[in-house]
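Reading through the structure tokens given below for one structure.
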Amino acid sequence: MEHSQSDTKKPFEAVVHEQGATVLRVCRAVLGVHDADDAWSETFLAALQAYPGLPHGANIQAWLVTIAHRKCIDHLRAGSRRALPVDSPPEQPSLLGIPGDGHAELLDAVAHLPPKQRQAVAYHYLAGLPYADVASLLGGTPEAARRAAADGVKSLRSALADIPALAHSFSKGVIR
Amino acid sequence: MTLETSPDHGDVVSLLEPLDVGLEPALASLQARLARDAQLTHALDIAYRVVDSPVGKLLLAATDRGILRVAFEGENHDDVLQYLANRVSPRILRAPARLDDAARQLEEYFGGARREFDLILDFRLSRGFRLSVLQHLPRIAYGHTESYAEVALAAGSPNAVRAVGTACATNPLPVIVPCHRVVKSDGSFGGYLGGPEAKRALLTLEAAA
């Protein structure tokens, strides 16, 4: 457990404090709210275990998003084994948020994106990874990652435009 | 407006803002769950919590071997945690459960209902003569004091009076290891890492009981 004095890693609590919200947003975008909590927990537990071995000066956020990406893939695979309908979801009340606050509607819209688009949107726009890094997580070229993110955003905009209450409300401060 | 080129970053971030609904309470419970999971899987090297006391907020930190550190607010808790990260391990989380017993005993002590601490201590931050001094201090009874010279004698080096002062000033476990009971030969308080007011408060508390 002893470390050399040149090792000046911050306490892991500070990492959780600084990165916890971003990782949760990413997990929510990729998996939806319910599974996001489990993926977040698995991500930070794995990160805590590996933390002492993280090279000095490494990009902690990119490292965490990489771990979160793997944990989310595990959940996506488990989800597809459970054969969740994707093309024609049943119309049922969402348990994901208060209807009308934009939360449930956005999550539904995100959930209907192909996984690659969801991941590209989350990793680039929520986690701030450059497309080269997104591509190394998803496979393919940076240009393909950029296109997946742009297609995802376009689909989200058109899906949400059908909800009159939300069509004009995507500015800061309106939603809540 | 064309949507075919890369969308404006800020616009997309606003579009995704509903993901933040309920984010803070979710994070609070996830952090508590992480602390529990980390403890269960032995991935947590140092657990800490902060408790209120009559001498200000106290940071309590423990390894799986015992209580490692008690720190006054004036020492800057962030600095203390960074020191522990460098010196022991960065696998540190706010995880109150491991310190429940210490927190309860401190509360009893400050309430005048406890005269001795019954806690397992991890002395790994102290070595050599300083460690000998710290191990002697719990033998100074509640409500009593010893001079630096008396402690030097008891720790086996009667000439090391200044070193006793250093050992007390760098005590990683103040309050629990009672360096506040070491005073100057002339009866004045002497220094204290929690400040002279804290030392006065602790000695007054013990004198009243």
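In chain B, what percentage of the DSSP-assigned beta bridges are antiparallel, given to the nearest 5?
In chain B, DSSP labels about 60 percent of beta bridges as antiparallel.
Please identify the GluC sites (Glu not before Pro) of the range B:109-209 that satisfy two criteria: DSSP loop assignment and at most 10 other Cβ atoms within 10 Å. Which are they?
Here no GluC sites (Glu not before Pro) fit, given the DSSP loop and packing criteria.
Pairing the Cα long axis of helix B:77-87 with the longest principal axis of chain B, what angle in degrees results, from 0 to 90 and rounded to the nearest 10?
It is inclined by approximately 90 degrees.
Could you tell me how many degrees, from 0 to 90 and to the nearest 10, lie between the Cα long axis of helix B:100-110 and the main elongation axis, the longest principal axis, of the Cα atoms of chain B?
Between helix and principal axis, roughly 50 degrees.
Taking the Cα atoms only, what angle lies between the long axis of helix B:23-40 and the longest principal axis of chain B, rounded to 10 degrees?
50 degrees
List the residues whose amide H sits under 5 Å from the amide H of B:R69, counting only those 5 or more places along or on another chain, with H placed 1.01 Å from N in the peptide plane.
The list, which skips near neighbours in sequence, is B:A61.
Would you calculate a helix-derived [θ] at 222 nm for chain B, using -39,500 (n - 2.57) for each DSSP H run of n ≥ 4 and dividing by the full residue count, to the nearest 500?
One gets -12000 deg cm²/dmol as the mean residue ellipticity at 222 nm.
At 0.36 nm per residue, and after removing the present C-alpha to C-alpha distance, how many nm does the segment from B:D8 to B:A141 gain when stretched out fully?
41.0 nm
What ranking do B:169-178, B:7-16 get when scored by the average of other Cβ atoms within 10 Å per residue, highest first?
Values: B:169-178: 22.0, B:7-16: 16.4.
In decreasing order of mean packing, B:169-178, B:7-16 become B:169-178, B:7-16.
Largest first, what is the accessible-area ranking of B:F129, A:F44 with a 1.4 Å probe? Numbers along the way, then the final one.
Values: B:F129 55, A:F44 0 Å².
From most accessible down to least: B:F129, A:F44.
Quick one: if the Förster radius is 56 Å, what FRET efficiency do B:A169 and A:A21 give, using the C-beta to C-beta distance and rounding to 0.05?
0.90
To the nearest 10 Å², what's A:T8's accessible area with a 1.4 Å probe?
Counting only protein heavy atoms, the figure is 70 Å².
In nm, give the distance between the simple-model label positions of B:S188 and B:N159, each being 7 Å from the Cα along the Cα-to-Cβ direction.
2.6 nm
Where both partners of a DSSP beta bridge lie in the protein assembly as shown, what percent of those bridges are antiparallel, to the nearest 5? Walk me through the numbers on the way to the answer.
On the way: 10 of 16 bridges.
Close to 60 percent.
The values are calculated or read from the model by the stated rules, or taken from the named source; none is laboratory data. In this text the structure is predicted, and so the values were computed from the model without any measurement. Glycine also receives a Cβ, built like all others from the backbone with ideal geometry; neighbour counts cover every protein chain displayed. Calculation scope for accessible area: heavy atoms of the full protein, side chains included, ligands and nucleic acids excluded. Shrake-Rupley method; radii C 1.70, N 1.55, O 1.52, S 1.80 Å.
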